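The values are calculated or read from the model by the stated rules, or taken from the named source; none is laboratory data. These figures come from a predicted structure and were not determined experimentally. Methodologically, a virtual Cβ is constructed for each residue, glycine included, from the backbone with ideal geometry; neighbour enumeration extends over all protein chains shown.
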């Protein structure tokens, strides 16, 4: 089976308060270029994130949502 290599991809980690995005792009020669940005979860910032991904011509995005962990220690 052949490996699939996506030239322009991003990984997104979504939490309650923010969204962290890492974009991987072709660099010089066989090297890759990475850039990480953090956005708030407000609509205007998510639109800025979308525009950045489109400007970088990202074709594939992988997303992971960080679960909200409840703490009940203060109730015991």
Is it the case that some residue within the stretch 39-47 is at pLDDT 90 or above, in contact with a helix residue (DSSP H, G or I) (Cβ under 9 Å, 6 or more places away or on another chain) and within 18 Å of residue 9 (Cα to Cα)?
yes
Return the total of residues in the stretch 30-63 being in contact (Cβ under 8 Å) with a residue 40 or more places away in the chain and exposed (fewer than 11 other Cβ atoms within 10 Å of the Cβ).
1
Every residue in the stretch 2-18 that is part of a strand (DSSP E or B) and in contact (Cβ under 8 Å) with a residue 40 or more places away in the chain, please.
9, 10, 11, 12, 13, 14
Restricting attention to the stretch 7-16, and to residues there that are more than 13 Å from residue 46 (Cβ to Cβ) and out of contact with any helix residue (DSSP H, G or I) (no Cβ under 8 Å at 6 or more places or on another chain), which single residue is modelled with the lowest pLDDT?
16
